[in-house]
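Heads up: the structure comes next, in C-alpha cells.
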Amino acid sequence: MALALAGGALALAQSDAFDPEAIAAGERRQLISAKEQSAAALARSAALEVQAAAATDAADRLKKRSAALAARIQSAEADISAGEARVALVGRRLAEQQARLAEQQQPLLELTASLQQLSRQPPVTVLAQPGSLTDMVHARAVLDAVMPVIERRTAGVRRELAQLRETRAQQSVALAALAASKQQLATRRDELTRLENEGRLRSRDLMSSARLEADRALGLGEKARDIVDLMDTLEVDSGVRAELAQLAGPVQRPNDPASGNPATAAPSTQEAELAQGAYRLPVVGRIVAGLGEVDDSGVRSRGITIVARPGGQVVAPAPGRVSFAGDYRGYGKIVIIDHGGGWTSLLTGMIGLSASVGDTLDAGAPIGRAGAHDAHITVELRRAGRPVDIARMLG
C-alpha cells in the first residue's frame, strides 16, 4: 500500500509538471489530506489530555501532557500545510479570474474608445459638413444597436469583478488563518520545551544510571558495521533482557490468598497495542517512498519515508523503550524503539532528539524534530529481524 502510494505520487508529480488542472487537483488532495491529519491529531490530543487528567502519578501525567501537546503540534503543522494549499488554490483562482477579466475588458475598451472618439465631434460640424446629418443618423442607429450588447458584456464583467473581490477576500482569510496556525505552532513548541525541561528536572536523580546505559548504547553503535547490524545487536540485547525478566524471582503474592494461585503478569502494553494494529506514522507529511522501493542510488527501502514540514514534530509510532538515541553514520540523529515481543522501530533523519536511551515511551510521545530543509523522516518496523509493512499496521 505504501509503495503504491509513493510510486503513484512520483508518477503523478512527473505527469503533472506542466498541467495546471492536475496541479490544482494535487493541491486540493493536499488540502484534504492535511485537514484529515489535523483532525486525527486533535482527536489523539483530546484522548491523551483525558488520560493525563485521570493520571494519579505525577511522572505519568507529565508524559501524557507531553504526548498530548506533541499531537497538538502535529495538528498545527497539518493546519499550516492545509493553509498553504488553500492559499495556493485561491491564488490560482485569482489569477484565472484576472486573466478572464482582462480578456473580456479588451474589446470593451476598444469599443469605448471608438464611441468616445465619435462623441467628441462638435454638434456644429454636423451642419457645416455635407452628409454629416445622414452620418449622425447612422451613428445613432449604430449606438441603439450596440448599447444592449454593451450592457450584456458589462454585466459579465461586473460579475467577474464581484467574483474577483470575493476571491481576494478569501485570500485574505486564508492568509490570516495561515499566520494564526504558524503563531499557534510556535506557542505550542515553546510549551513542549518547557514540559520537556520539567521532565528532565524530575528525572535528575536517575541521570547517572541513564548516562551509563546511553554510553553503552553508543559503544554498541561504534562497533556495529552498519545500521542493520546495530539493530540486530540491540534486538539480541532486548531478548536477553526479556529472558532475565522471566527468571524465577520471589514468589508473588496470590490475588486470592485462599486459592493459593500466584498473580500472573499481564502481557505488555506494547505487544498488546501492536497486536491490535495501533501503529501510527511518526510525523505529519507526505509519503514519498514505501517498503521495497528502490531509490536513485539502488538501495531498497526497508520502511516508509515521509517528507515532513521544516522542524516537524516526530513522535513515537507505538509504545516502547528507547534502545538507541543519537547520531549514526549519515542517517542524522536516529532513535531505535524496542516494543517488546521482537518488535523494533527505527526512525532516522532527525536533527534534534527529545528522547534518551532507557526512556519508556507512550505512543505519540515526542522523540525529536525533523530538519529545517528537505526534511525526510524514515521509519522502519521490524519483527524478529525482518522488515514489516507498516501500512498494514496503521491503526
- Task: Check whether at least one residue in region 373-388 is open to solvent by 20 Å² or more (accessible area, probe 1.4 Å) and among the aliphatic types (A, V, I, L, M), and report yes or no.
- Result: yes
- Out of G303, G349, G368, G340, which single residue is within 17 Å of L234 (Cα to Cα) and either at pLDDT below 90 or open to solvent by less than 30 Å² (accessible area, probe 1.4 Å) (or both)? G340
- Give region 33-72 a look and list any residue that's hydroxyl-bearing (S, T, Y) and either assigned to a helix (DSSP H, G or I) or at pLDDT 90 or above (or both), or say none. S33, S38, S45, S66
- Item | Pick from region 274-291, criterion more than 18 Å from A70 (Cα to Cα), modelled with pLDDT of 75 or more and assigned to a loop (DSSP other than H, G, I, E, B), ranking: least open to solvent (accessible area, probe 1.4 Å) | G290
- Name the pairs: first residue in region 376-393 and in a loop (DSSP other than H, G, I, E, B), second residue surrounded by 18 or more Cβ atoms within 10 Å (Cβ to Cβ), Cβ to Cβ under 6 Å, at least 6 apart or on different chains? D389/L291; M393/Y279
- Quick count over region 171-197, residues being polar (S, T, N, Q), open to solvent by less than 70 Å² (accessible area, probe 1.4 Å) and touching a residue at least 24 places away in the same chain (Cβ under 8 Å), is 2
- Return the pairs, sorted by first residue and then second, in which the second residue is open to solvent by less than 10 Å² (accessible area, probe 1.4 Å) and not in a loop (DSSP other than H, G, I, E, B), the first residue lies in region 299-327 and is on the phi < 0 side of the Ramachandran plot and charged (D, E, K, R), the beta carbons are less than 6 Å apart, and the residues are 6+ apart or on different chains. R309/E77
- Given the conditions (1) at pLDDT 90 or above; (2) exposed (fewer than 14 other Cβ atoms within 10 Å of the Cβ), report the number of the one that S75 does not fulfil. (2)
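The values are calculated or read from the model by the stated rules, or taken from the named source; none is laboratory data. All figures in this text were calculated on a predicted structure; none of them were measured in a lab. Positions of Cβ are backbone-derived with ideal geometry, glycine not excepted, and every protein chain shown enters the neighbour counts. To get the accessible areas, we keep the full protein, side chains included, count just its heavy atoms, and leave off ligands, DNA and RNA. Shrake-Rupley method; radii C 1.70, N 1.55, O 1.52, S 1.80 Å.
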